[in-house]
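Written below as structure tokens is the structure these notes are about.
The values are calculated or read from the model by the stated rules, or taken from the named source; none is laboratory data. Small disclaimer: the values here were computed from a predicted structure and weren't measured. As a convention, Cβ positions derive from the backbone with ideal geometry for all residues, glycine included, and neighbour counts pool all protein chains shown.
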Amino acid sequence: MEKFGKSQPVKRVEDHRFLIGVGRYVDDIAPQGALHGVFFRAPVAHGVITELDVSDARDAEGVHLVLTCADLEAAGMNIALPHTVVDNRDGSKGAAPLRPMLAKDRVRYVGEPVALIVANTLQQARDAAELILFDADDLPAKMDLTPGGETLHAEAPDNRAFDWGMGDETKVEAAFAKAARRVRLEVGDNRIIVNAMEPRGCYAEWADSRLHVALNGQGVWAHKGFLTKAFGLSEDAVRVTNPDVGGGFGMKAMTYPEYFCIAQAARALGRPVRWMSERTEAMLTDNGGRDLVSWAEFAFDDNHKITAYRVDTRCNLGAYNSQFGQPIQSTLFSKVLMGVYDVQDTYLHVEGYYTNTVQVDAYRGAGRPEAIYVLERLMDRAARELGVDPWELRRINFIKPDQFPYTTATGELYDVGDFARLLTRAGEEGDREGFAARRTADAKRGLLRGQGLCYYIESILGDPSEGAKVVFEENGHVTIYVGTQSNGQGHETVYAQFLSDQTGIPAERISVVQGDSDLIKKGGGTGGSRSVTTQNTATLATVAKITEVFTAFLAEELGVDAGDISFDDERFRAEGSNVSPTMLEVAEMARAKGRDDLLSHHERASLPGRSYPNGAHVAEVVIDPETGVVTLDRYTVVDDFGNLINPMLAEGQVHGGVAQGIGQAVQERVVYDEDGQLLTATFMDYAMPRAADLPMISFTSEPVPSTANAMGMKGCGEAGTVGALAAVSNAVQDALWERGVRQADMPFTPHRVWEMLQGAAIAAE
């Protein structure tokens, strides 16, 4: 790596311990003798609690404690879970009802935690949960996204949590009034269950009035703040750690009631307490993703140029506000509202509704996949109605290279882009010219082939600042402390690789430490595709500081001016001297001189602007009209991630994101019945993509380096999902169009596709 330069496909160093089964996940590291927690959960979706008798459970064998909401309040806890609200169009705030850590007076979704049982063993806790006497006066379940129905919260009498808008509605209406053509489409975006490989879990312990909570999250500092507030503790009295984490995808970034309840149980008992979710429990209680419907419309001039765009969305929040539920489909959706197209007259209107389902929050992309999905579905529909090639319609409306930096209608500053170039490359890599022949060959076999294009852009999110601490250890190794949190992305590899690139320190001598609020005082965690860009910016700042102080030290030792010493990313060199120590050698010189102050360095840095990864996804599907089975046959990705540190890891992120997008588009379907019971609560009922369901995914990097950071990088963690939804859906719509299907919505399960075909056939008769 040191010899042949930067941006190399270095294999992940962390994978060895994962593959041989020595990863250290939260359920692996719970303290010896920790008690086991089990939650009693609401069996109905909506009802007023009339009986909650836990006395038999408290008396059961092995049980140490049973907690209810009343017990949490009696302990002096602040039982309100945190949430964010948006501003309504009339200037008021979105609804902010209490979401208690355990159900209080009323239950509002199946799986809502009602009581915590703590026992010596897991089985004893489960047995005791069966002894709880619970009854509720059932209330009608609110399941649709319309005003009215049984009220969930007094703060939202019609169950509308917020009514948000962005843009000049009057100006947009005027643009539509004088449009040469208008194209409108209803677009549904189905709910998913995240289903991380490792379900949620935690343990808590107290020592000398100090709380330690270990959880499998996406960062520790937000959780530390929430715990501090809930227990009324000082910041110094709370420590939060993240060990190895088996997937997060936004779902694990948020806080949940279990973390607070387990912490209180540990405090009340003076013993460590652990909890690990089971799969069905996770499917019932983890934040869901997506779940919205949008009505989108373009105005066109005579030259097929879009003159205005408006979207009207209704989104499902679930039973309560989750941590970021309200902003996801409003402010975050707006970040890429107009995508890569040069349109300034836009209006976005979003209403959020409470329903008797589990909460909905961020899922890989957090609003940006939803926005791009709507936009790119409408682009394809517009191309059909206008009689224009869908690739050409996009070219006509692209923001041109000479327009950058470009301020979008919603205030985002795109720094660079060359969208037409990437689209051309996508056509080449995906063999667009050969599609007609492939379609004809399939038709002869009675099959339907379709091709779908999505040109996406996303905005990296989260705190633009981050810190890095580099410590030179006595054994000739280096430790870098980071403020992000790996959930499987390969951070341990890429951070060590980058530090090695900048310092010449062999990567195998670099250890990465993350996920400990005692060791790292501040950090932004992982989410919004921010990790590598922000963290490496901080690393650059820290390396610059090390170089500065090491240069001054060497100048003093060699008796030369600091200006005569240079560092070439591998060695320090002094004019007129053959001394050329490495950074590790300078550190050892400082240690020998007793200069311990030179062995630890910490700097923070902030990005001057966001980066905007973008690219083209081209999907080809083959549909058997007799069965409705959709097969992904070809999938091509051309991405602009700017400069890549490790192309192999970037490609892996794309593959994972595309797989999750394909899963939602083709297989994953959350189904609740009219009473709010989740019917898809096991993998027998909820389909996840397997290897056999995925094609080979071609990945090509076509970089346009970002100007918003020194490395020229752009985030890549969520891009695969952002582009996949519309690419696959447009391909399915393309295949079905010739059979008369005009409305094709995800998920494209065999039964749903077969019904679409039958409906079109009946309509044609």
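Quick notes
- Residue check for ASP15: more than 30 Å from THR357 (Cβ to Cβ) and surrounded by fewer than 16 Cβ atoms within 10 Å (Cβ to Cβ): yes
- The condition (being within 26 Å of ASP640 (Cβ to Cβ), out of contact with any helix residue (DSSP H, G or I) (no Cβ under 7 Å at 6 or more places or on another chain) and touching a residue at least 12 places away in the same chain (Cβ under 8 Å)) is satisfied by just one residue among SER706, SER701, SER729: SER706.
- Qualifying residue in the stretch 72-87 (condition: in contact (Cβ under 8 Å) with a residue 40 or more places away in the chain, part of a strand (DSSP E or B) and surrounded by fewer than 15 Cβ atoms within 10 Å (Cβ to Cβ)): no
- Looking at VAL513, VAL579, VAL532, just one residue is among the β-branched types (Val, Ile, Thr), under 30 Å from LEU461 (Cβ atoms) and surrounded by fewer than 16 Cβ atoms within 10 Å (Cβ to Cβ), and that residue is VAL513.
- For the residues VAL358, VAL293, the requirement of being in contact with a Ser or Thr (Cβ under 8 Å, 6 or more places away or on another chain), outside the structural domain of GLN664 (by TED's automatic domain parsing) and part of a loop (DSSP other than H, G, I, E, B) singles out VAL358.
- Taking each residue of the stretch 1-22 that is outside the structural domain of ILE510 (by TED's automatic domain parsing) and outside any loop (DSSP other than H, G, I, E, B) and looking for partners that are surrounded by 11 or more Cβ atoms within 10 Å (Cβ to Cβ) and at pLDDT below 85 with beta-carbon atoms closer than 8 Å, six or more apart or interchain, yields nothing.
- Every condition in (1) modelled with pLDDT of 95 or more; (2) part of a loop (DSSP other than H, G, I, E, B) is met by VAL658 except one, and the failing one is (2).
- Top-ranked residue in the stretch 638-654 [being touching a Phe, Trp or Tyr at 6+ places or on another chain (Cβ under 7 Å) and either in a loop (DSSP other than H, G, I, E, B) or surrounded by fewer than 23 Cβ atoms within 10 Å (Cβ to Cβ) (or both); ranked as modelled with the highest pLDDT]: GLU651
- For the stretch 284-312, a tally of residues being of a type in the set (Gly, Ala, Ser) and over 23 Å from the mean Cα position of the chain (by Cα) returns 3.
- Among the conditions (1) buried (at least 17 other Cβ atoms within 10 Å of the Cβ); (2) at pLDDT 95 or above, the only one that ARG595 does not satisfy is (1).
- Residues in the stretch 528-559 that are on the phi < 0 side of the Ramachandran plot, polar (S, T, N, Q) and touching a residue at least 40 places away in the same chain (Cβ under 8 Å): SER531, THR533, THR534, GLN535, ASN536, THR537, THR539, THR542.
- Summed over the stretch 734-755, the residues that are buried (at least 24 other Cβ atoms within 10 Å of the Cβ) and either more than 30 Å from SER529 (Cα to Cα) or at pLDDT below 95 (or both) give a count of 4.
- Qualifying residue in the stretch 603-619 (condition: of a type in the set (A, V, I, L, M), farther than 30 Å from TYR341 by Cα and either touching a residue at least 60 places away in the same chain (Cβ under 8 Å) or in a helix (DSSP H, G or I) (or both)): yes
- Residues being more than 16 Å from PRO257 (Cα to Cα) and among the hydroxyl-bearing types (Ser, Thr, Tyr) - total across the stretch 314-342: 4
- Qualifying helices (runs of 4 or more DSSP H) (wholly inside the stretch 414-518; at least 2 residues being within 30 Å of LEU540 (Cβ to Cβ), modelled with pLDDT under 95 and out of contact with any helix residue (DSSP H, G or I) (no Cβ under 6 Å at 6 or more places or on another chain)): 491-503
- Residue in the stretch 715-731 that is polar (S, T, N, Q), in a helix (DSSP H, G or I), buried (at least 16 other Cβ atoms within 10 Å of the Cβ) and within 22 Å of the chain's Cα centre (by Cα) present: yes
- Any hit, the stretch 221-243, residues being β-branched (Val, Ile, Thr), over 28 Å from TYR354 (Cα atoms) and assigned to a loop (DSSP other than H, G, I, E, B): no
- ARG160 touching a Phe, Trp or Tyr at 6+ places or on another chain (Cβ under 9 Å), under 30 Å from ALA383 (Cα atoms) and basic (Lys, Arg): no
- ASN316 polar (S, T, N, Q), in contact (Cβ under 8 Å) with a residue 40 or more places away in the chain and assigned to a loop (DSSP other than H, G, I, E, B): no
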